[in-house]
Amino acid sequence: MKKLALILSTALFSLSLMAFAIVKWPVSESNLPNCSKKPIEATQNSCKKEPVNMDLKVGPRFANTISKEGLHQASSINDIIPPSAPLSNPQYNSVLVTKLVQSMEISESGKSHLFTPKQKELILSMDYSNDFYLRGDYTALDPHSGLMKEDYQISYFTIIPEIQASFHEGQEALINLIKDTIRPKLHGVEEGGLRPGRINFVVTEEGNINQVEFESTCGYDLIDEEFSSLLKGMKGKWIPATNAEGEKVSQELVFFYGKMGC
């Protein structure tokens, strides 16, 4: 009998402990597994992509530049393209001078490094902001093999004034202004969708912006329109170019943006 009473009392004690555990166990977030969702705002912020970095540049069309005075004084291809170190004394068999006029090419050819009268006449017809290229086919000593080899080179140039037109606060301030203007518009722009965009414009003798002409899209119409409007609104904020005599002259520049090509 005593044994039965002991078993019953033990069972009752165990039940009371279970009831206590069930009643006293607090259900709180700290007791749950750590799998709760982040706040909506934090989740959205973490999913936001940083705006893409756009290549931005303002300058002449081609990286190679020459002043009009320097070009007009040239009597040979060597006056414009000095022989590089590996090509000591190249012997030119053919030289082509080509002026680029919109979608047209005007060319004159010669058979030596010296410009012919026709080539010289074409060169003298070129003015500020004109573009041209020189092709030279030559024979030169290969420094690696020690043998003579035939090759060619092509160089593109833009003719610039002695002092080029510039933004009144400097090139760095101009790029920063462009960045600040376009940054809010870059959300949703994919780097893979960017293309080389170009807008041509002229800085007049008075320092105004004129002839803003869209040439190629960066792949996003909204950005093209934003940049075009920005340039048109920059009147009176430029220092005009000057020639060798110190006279103010107009200069055509190109605004490159998007993803630069080679």
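The values are calculated or read from the model by the stated rules, or taken from the named source; none is laboratory data. In this text the structure is predicted, and so the values were computed from the model without any measurement. Virtual Cβ from ideal backbone geometry, glycine too; neighbours counted across all protein chains shown.
Listed values, structure above:
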read-out	value
Residues of the stretch 73-83 that turn out to be touching a residue at least 40 places away in the same chain (Cβ under 8 Å) and either exposed (fewer than 15 other Cβ atoms within 10 Å of the Cβ) or among the β-branched types (Val, Ile, Thr) (or both), as a count	4
Members of the stretch 108-153 found to be assigned to a helix (DSSP H, G or I) and among the polar types (S, T, N, Q), listed by number	119
Enumeration of residues in the stretch 49-89 that are in a loop (DSSP other than H, G, I, E, B), modelled with pLDDT of 75 or more and under 30 Å from the mean Cα position of the chain (by Cα)	53, 54, 60, 61, 62, 63, 64, 81
All strands (runs of 3 or more DSSP E) inside the stretch 156-262 with 2 or more residues being surrounded by fewer than 18 Cβ atoms within 10 Å (Cβ to Cβ)	196-203, 209-216
Filter result for residue 123 (in contact (Cβ under 8 Å) with a residue 60 or more places away in the chain and over 23 Å from residue 142 (Cβ atoms))	no
Residue 222 vs. criteria of a type outside the set (Phe, Trp, Tyr), at pLDDT below 90 and in contact with a helix residue (DSSP H, G or I) (Cβ under 8 Å, 6 or more places away or on another chain)	yes
Boolean, residue 254 is in contact with a Phe, Trp or Tyr (Cβ under 9 Å, 6 or more places away or on another chain) and under 23 Å from residue 62 (Cα atoms)	yes
Neighbours by Cβ (under 6 Å, 6+ apart or cross-chain): first from the stretch 223-240, over 13 Å from residue 181 (Cβ atoms); second acidic (Asp, Glu)	240/205
